[in-house]
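Remarks on the structure that follows.
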Amino acid sequence: MTSPLDIEDLRPRVQSIIDETLVHQRTLLASISPDLAPMVDAIESLLAGGKRLRPAFCYWGWRGAGGAAGDGASAIKAAAALEFLQACALIHDDVMDGSDTRRGMPAAHRRFAGLHREASWLGSPENFGIGAAILLGDLCLSWADELLMTAGFEPESAARGKAIYDEMRTELMAGQYLDLLEQARGGGSVVRALKVVRYKSAKYTIERPLHLGGALAGGNDEVMAAYSGYGLPLGEAFQLRDDILGVFGDPAETGKPAGDDLREGKRTLLVAVAVERSSPKESEVIRTYLGDPGLDDEGVAALRTIINNTGALRHTESMIERLLNESLTALHSSTINPFACEVLEGLAYAATRRTV
């Protein structure tokens, strides 16, 4: 059975745009200095993988609002721009979280710290890695803008899309800051954890890519409202699944060490519910272990046990199902193109029942 991510050859078409972009940018950077080659190598390595969910929602948002399959070159290019925006977010997120790995490989800041160390350059390898990663993320953000604005849409359509894109970037950065703030405050608030979910991930992963595609296709207010009704709860369910995988996921599939979110002290809904329902003894264990960079397997197991025993895992799984049902109800009560509607239903299951 064809994955909803592969209908109309979406993933290879997006990858083709990514590859073409990197060839162009590699040539440009090489004209400045050969020393810049590792920058493109790092982005190329990161963008060789990924689910391509954001491009999929953007493209099918375009189709659902009236875009025709045979006229999809510009829509695919706009959709591919979101992979560069996502790369920016991942690279900067890994710096902020101090993550060691991403998709089974060293995170960008670790990669460049290693380059510094191997060459025996002066100064701190860690500081060099962080600085290089920040610049690398900035490059990805710039290239995302460039791709979107050269996608080939008529000026009026491009302006509609750019307005959505600008708002999406602001929401993403706001969500990232709220995530940092929640960790600094020590978390514990279910309401604040849900706000982080909404702005750091839910809107940016599904609702806004749908809106971007819909705006580029000239979608009306009814279509855009339907995309919000479907996309916002689905985006929240997607992030809640991500939070579960960050604690209970298989490292062979997630590409990150077991319990890595616990080491990073992520103040997710899963953790907030566990804190809210924990006994004094369990609360002390959470305070001791959560956010400890040296957390070992025994500490991970202790936190997992508390998350299970307090019912936080069960509560989060139940919430995912409720949000998924809310999303699908909104989708099927809409006037979105029937074929696009069918694909979007498949994407909803792919986003919420994944293991990676």
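Brief remarks on what is shown
- Structural descriptor for segment 7-352: relative contact order 19 percent, calculated from alpha carbon pairs under 8 angstrom and at least 6 residues apart.
- Taken as Cα centroids, segment 185-214 and segment 14-80 sit 24 Å apart, rounded to the nearest whole angstrom.
- Between segment 272-289 and segment 108-150, the Cα center-to-center distance that results, in Å: 37 Å
- Cysteine residues of the chain whose Cβ has no partner cysteine Cβ closer than 4.7 Å: 58, 341.
- For the chain, the 222 nm mean residue ellipticity estimated from helices alone, with every DSSP H stretch of n ≥ 4 adding -39500 (n - 2.57) and the total spread over all residues, rounds to -24000 deg cm²/dmol.
- Short to long, the 10 Å bins of the Cα pair-distance histogram for the chain hold 5, 24, 32, 24, 12, 2, 0 percent of all pairs.
- Environment charge at residue 129 (Cβ cut-off 10 Å; Lys +1, Arg +1, Asp -1, Glu -1): +2
- Highest to lowest packing among 309-315, 87-93, 51-57, scored as the average C-beta count within 10 Å: 51-57, 87-93, 309-315
- Of 51/256; 51/162; 162/203; 200/266; 162/195, those spanning more than 18 Å from alpha-carbon to alpha-carbon: 51/162; 162/195
No value in this document is a laboratory result; all are computed from the given coordinates. Computed from a predicted structure; not experimentally measured. Quick reminder, even Gly has a Cβ in these numbers, built from the backbone with ideal geometry, and neighbours come from all protein chains shown.
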